[in-house]
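Worksheet: the structure to be examined is printed underneath.
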Amino acid sequence: MKKHCNSAMESEVRAKRVKSRGPVRRETRDVMAELVGKLSKKMDAKALSARLGEEYRRNAVCPNLDRLTVGMDLGDQWSHYCILGLRGETLAEGQMRTRQQEMAEFYGGLAESRVVIEVGTHSAWVREGIAECGHEVLFANPRLMEGSKRRQRKNDRIDANKLARLGRVDPQSLHPIEHRSKEVRQDLLVLRARDALAAARTELINTTRGLVKSMGARLPKCSSPSFAAKVEEAVPSEVREALLPLVRLAAALSDNIQAYDQQIEKLASKKYGHTKLLRQVKGVGPITALAYVLTLEHPERFAKSRDVGPYLGVVPKQEDSGDSQPQLGISKAGDTMLRKLLVGSAHYILGPFGPDTDLRRYGQRLCERGGKTRRNGPR
C-alpha cells in the first residue's frame with residue numbers, strides 16, 4: 001500500500017514537472033500519422049460532397065468552368081469587356097457605350113454566362129439589366145482586391161481581362177458583394193439628397209462668415225436653420241449687396257431640408273416602423289435610424305453583431321508585420337454618410353447634454369483609457 005502511494009505521488013510530481021516545462025515534443029512519425037488521419041476524414045468523398053454542397057448553397061460562388069465568363073470594366077461613357085471560353089481562352093474583346101439599350105442588346109444575344117464587374121456608380125442598374133438576360137453577375141470589391149500599384153501596365157482592357165480570369169477560376173478573391181434592392185436604393189436617395197443640401201448650406205454659412213470676418217466684422221452665433229433670420233440684418237452695409245444672396249440661398253436650402261426631414265419622418269414611421277427600436281436610444285433620431293436600417297438592409301447576413309462595425313468602417317486598420325503592431329486609425333470603409341451620423345450620435349450621448357444611461361457610462365469608461373492602447377501581442 002505504501003509503495004503504491006509513493007509511486008502515485010512520483011507520477012504526479014513528474015506530470016507537474018512536464019507541465020511546467022511546456023508542451024512535450026512528439027515524434028514526427030506520430031504527428032504525421034495524426035495529420036494524415038484528419039485529412040483522410042476531411043477528404044472523405046461523401047463528407048466532402050456534402051460540405052461543398054453546403055458551401056455552394058451558402059456562398060453560391062464557385063469556379064465557372066462550364067459557361068462563358070465575361071469581365072467588364074465600367075466607365076462613365078464607354079465600358080470595356082473581355083469574353084473567356086470554357087478553357088480560359090480569350091474569345092472576344094471590345095468596348096460598348098455605358099447605356100441601357102446597348103447593354104441589353106449585347107447581353108441579350110450572349111449565351112448564359114458569368115459576368116464580373118467592379119462595383120461603382122453604374123453597377124447597380126447594369127446588374128439589373130444583365131440579370132434580366134439570364135446571366136449570373138458578380139461584383140468585385142476594389143477596396144479588398146489586390147491593388148494596381150505594383151502593376152507596370154494598367155488600362156481598361158487589361159482590367160476587364162483580369163476581372164474575367166479571376167471570376168472564372170477564383171471568384172472568392174474578388175470579395176464579391178451584393179447591391180441593395182432598387183426600392184431601398186430609392187429610399188436612400190432621400191437621405192443622400194438631404195445630406196447634400198446640408199453640406200451645401202454649411203459651405204454657404206462658413207463662406208459668408210469668413211467673408212464678413214475679412215472686413216473686420218463678425219456675424220452672431222446661431223444654429224444653421226436660424227442663420228438667415230438672425231444674420232440678415234447683421235451683415236455690414238458695405239458688403240450687404242454682395243452677401244445677401246448667399247444668406248437668402250442658405251434660407252432656401254433650410255426650407256428644402258425641412259421638407260426632406262418631414263419625408264424622412266414619414267418613411268421611418270410608416271414604411272420602416274422597426275426604426276422605433278433604434279430611436280429608443282437618446283441621441284438617435286429618425287435620420288440616423290433610417291440610414292442604419294437602409295444601409296444594412298438584411299441584418300441576418302451578418303453572422304455576429306460585431307461584424308457590423310468593420311462593415312461600417314469604425315474599427316482600427318491593421319498593418320501588422322512581425323513584431324511591429326502599430327495602432328492605426330479607423331478603416332473608414334463602408335458608407336460615409338451613416339458613419340458620420342453615428343459619430344454625431346455618439347458625440348451627443350457622451351457630450352454635456354447626453355442623459356445618464358448605461359450606454360453613456362460605458363462610453364465614458366472607454367474614454368478614460370486615454371491615448372493609444374499598447375498591444376503586447378496578438379489577440
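The values are calculated or read from the model by the stated rules, or taken from the named source; none is laboratory data. Computed from a predicted structure; not experimentally measured. Cβ sites come from the backbone with ideal geometry, for glycine too, and all protein chains shown count toward neighbours. These area figures cover heavy atoms from the full protein model, side chains too; ligands, DNA and RNA do not enter into them. Shrake-Rupley method; radii C 1.70, N 1.55, O 1.52, S 1.80 Å.
When Trp78, Trp125 are compared by accessible surface with a 1.4 Å probe, the order from highest to lowest is Trp78, Trp125. A 1.4 Å probe run over the protein chains yields, for region 87-156, 63 Å² of accessible area per residue, whole-number rounding. Residue-wise HN-Hα couplings along region 223-228, as the Karplus relation 6.51 cos²θ - 1.76 cosθ + 1.60 with θ = phi - 60° gives them from phi, are 7, 4, x, 9, 4, 4 Hz; Gly and Pro carry x. Amide H contacts of Trp78: Thr98, each under 5 Å away and 5 or more positions distant or on a separate chain (H built 1.01 Å from N in the peptide plane; Pro and chain starts excluded).
Leu138's amide H: which non-local residues (gap 5+, or another chain) put their own amide H closer than 5 Å, with H modeled 1.01 Å from N in plane and none for Pro or chain starts? Sorted by chain and number, the residues that satisfy this are Val115, Val116, Ile117.
Rolled with a 1.4 Å probe across the full set of protein chains, the surface gives Arg360 an accessible area near 40 Å².
Calculation over all alpha carbon pairs of region 197-294 in 10 angstrom steps from 0 returns a P(r) of 15, 37, 23, 17, 8, 0 percent.
Show me the GluC sites (Glu not before Pro) within region 240-327 that DSSP assigns to loop and that have at most 11 other Cβ atoms within 10 Å of their Cβ.
Values: sites: Glu241, Glu265, Glu297, Glu300, Glu319; in loops: Glu297, Glu319.
For GluC sites (Glu not before Pro) across region 240-327 that sit outside H, G, I, E and B with at most 11 neighbouring Cβ atoms in 10 Å, the list reads Glu319.
3J(HN,Hα) couplings calculated from phi for region 199-210 with the Karplus curve 6.51 cos²θ - 1.76 cosθ + 1.60 (θ = phi - 60°) are, in sequence order, 5, 5, 5, 4, 5, 5, 5, 5, 5, 4, 4, x Hz; Gly and Pro show x.
Rolled with a 1.4 Å probe across the full set of protein chains, the surface gives Glu238 an accessible area near 120 Å². Once all protein chains are placed together, Arg157 keeps about 110 Å² accessible to a 1.4 angstrom probe. Computed from backbone phi, the HN-Hα couplings of region 297-308 come to 6, 10, x, 5, 6, 8, 4, 9, 5, 5, 6, 5 Hz, rounded to whole numbers (Karplus: 6.51 cos²θ - 1.76 cosθ + 1.60, θ = phi - 60°; Gly and Pro given as x). Counting charges near Val70 (Lys, Arg +1; Asp, Glu -1) among other residues having Cβ under 15 Å from its Cβ returns a value of -4.
Max-minus-min Cα coordinates of region 99-216 on each principal axis give 69, 39, 25 Å, with the largest extent listed first. Here the accessible area is traced with a 1.4 Å probe on the protein chains. For region 67-124, carbon and sulfur cover 47 percent of it.
Close amide H pairs (under 5 Å, H built 1.01 Å from N) link Leu68 with Arg114, residues at least 5 positions away or on another chain. Taking all protein chains into account, the per residue accessible area for region 224-341 stands at 61 Å² (1.4 Å probe).
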